[in-house]
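> Questions regarding the structure given below will be posed in turn.
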Amino acid sequence: MLRDVKASPLLSLPGAVPAESPDEGVAAHYGDLFREQRALADGSGFVDLSHRGVVAVTGVERLSWLHLLITQHVSDLQPGRATEALILSAHGHIEHALYLVDDGETTWMHTEPGTQETLVAYLESMKFFYRVEVADRTDEFAVVHLPAGSITEVPEGAVVRETPHGRDLFLPRAGLESFAAENGPAIGILAMEALRVEAHRPRLGLETDHRTIPHELGWIGTAVHLQKGCYRGQETVARVHNLGKPPRRLVFLHLDGSEVHLPPHGTPVRLASEGEEGRQLGFITTSARHHELGPIALALVKRNVPTDAQLSAGGTAAAQEVVVEP
């Protein structure tokens, strides 16, 4: 991924510890990871996502044009209705994940940190004669996440993307510090990541590599609409859905809690019975410490790995739960 991420002013808040890749620019936590997780799960506080890219598309043909390029059905997307979508390569591999909402005049989307420039370049290359304008608005707008159940009042004029997991606000970047002062506590990205792993929700760049297709991660139905065509990579999506199975599948792992260190992204996953010299069956995509479940992870493994197999990740025992059916 390209990286051009500015440090959030909220890193100056008491206790803020900067996050590492891919979330540089915001806080990993503010001094108490499990307290922050519990608050987020209870609907309190907010998460600073100001490192994420913000792209806006305007013009009377914006929805019909986007409908031709992305995996989601958006030609009649109603104002205020949140959705998510992917942009695929010609071979059906995932290139971008978009989190969208339309306000009646503009389609807003946020993207993984540092990917907005390549996204805008691709969209610009596909404009042709359509009456649309594409703009990188990352320097002007910051994304803030309010958890499900939050009673925080949304600032007047803010664009809101509401989902079952909470609300994403597109706020003027200049107002980020004043929002934080009025609506704390601030919660670090690690707390949000732990709840994401618990909910089995994939993330571009962590659960994906250069050959990932949507079926492997359970993105069919949520980010990929099967009753539409006319987008790059659609042939692969249809062929795998109708005629075959994806080569890999996403799994949720309960990790051995006696280990001090979490297996990082990319750690090989093997059969526990074969030890660390056994054949690699997949890799850890995201690991986290959860306030109730302990150490947990998502991993991408070969489809034919038995669902009851005991696994090992870098020497750490791992019991799997099915996310994507084999």
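Every number in this text was worked out from the coordinates using simple rules, so none of it is lab data. Everything numeric in this text was worked out from a predicted model, so none of it was measured. So basically every Cβ, Gly included, is an ideal-geometry build from the backbone, and we count neighbours across all protein chains shown.
> Which option, [x] 0.95; [y] 1.15; [z] 1.00, is the value of Cα Rg over 2.2 N^0.38 Å that was calculated from these coordinates?
Only one listed value fits the structure, namely [z].
> May I ask you to work out the translational diffusion coefficient for the stretch 268-326 at 4 °C, viscosity 1.567 mPa s, via Stokes-Einstein with Rh from the Kirkwood sum over Cα pairs, reported in whole µm²/s?
Answer from the Stokes-Einstein relation: 110 µm²/s.
> Using Cα pairs under 8 angstrom and six or more residues apart, how large is the relative contact order of the chain, in percent?
Result for the chain is 18 percent.
> Still on this model: Find out how many positive minus negative residues lie around R161, taking Lys and Arg as positive, Asp and Glu as negative, among other residues whose Cβ is under 11 Å from that of R161.
Within the 11 Å Cβ shell, the charges total -3.
> So if each residue of separation counts as 0.36 nm, and I subtract the Cα-Cα distance between S178 and S75, what length gain in nm does that give?
My answer for the length gained is 33.4 nm.
> Got a sec to turn the phi values of the stretch 173-184 into Karplus ³J(HN,Hα) couplings, 6.51 cos²θ - 1.76 cosθ + 1.60 with θ = phi - 60°, whole Hz, x for Gly and Pro?
So the J values, rounded to whole Hz, are 4, 5, x, 5, 5, 5, 4, 4, 5, 8, 10, x.
> Once each part is reduced to its C-alpha centroid, what is the distance from the stretch 253-267 to the stretch 102-124 in angstrom?
Taking the Cα centre of each part, the stretch 253-267 and the stretch 102-124 sit 34 Å apart.
> Also: Could you work out the local net charge near A142, counting Lys and Arg as +1, Asp and Glu as -1, over the other residues with Cβ closer than 13 Å to its Cβ?
Charge balance in the 13 Å sphere: -1.
> Can you list the HN-Hα couplings for the stretch 80-95, worked out from phi with the Karplus curve (6.51, -1.76, 1.60; θ = phi - 60°), rounded to whole Hz and with x for Gly and Pro?
Taking θ as phi minus 60°, the curve returns x, 8, 7, 8, 9, 7, 10, 10, 10, 6, 4, 9, x, 7, 6, 10 Hz for the stretch 80-95.
> Going by Cα centres, the stretch 145-213 and the stretch 293-326 are how many Å apart?
27 Å
> Also: When the helices in the chain are scored as -39500 (n - 2.57) per DSSP H run of 4 or longer and the sum is shared across all residues, what 222 nm value do you end up with, to the nearest 500 deg cm²/dmol?
Helix contribution divided over all residues of the chain: -4500 deg cm²/dmol.
> I'd like to compare 20-30, 315-325, 269-279: which one has the highest average count of other Cβ atoms within 10 Å, and what's the full order after that?
Answer by packing, highest mean first, reads 20-30, 315-325, 269-279.
> Could I ask something else about it? Compute the length gained on full extension between K245 and D103: take 0.36 nm times their separation in residues and subtract their Cα-Cα distance, giving the result in nm to one decimal.
Once the chain is fully extended between K245 and D103, it gains 47.4 nm.
> Right, another one. Hey, for a label at M126 modelled as a point 7 Å past Cα toward Cβ, could you say which residues of the stretch 206-240 have their backbone N under 15 Å away?
It comes to 224-225, 228-237, nothing else.
> Turning to a different aspect of this structure: List the lysines whose alpha-carbon lies under 29 Å from that of K228, not counting same-chain residues fewer than 8 positions away?
K127, K245, K302
> Points 7 angstrom from Cα along the Cβ direction at V260 and T118: gap in nanometres?
Reported label-point gap for V260 and T118 is 3.7 nm.
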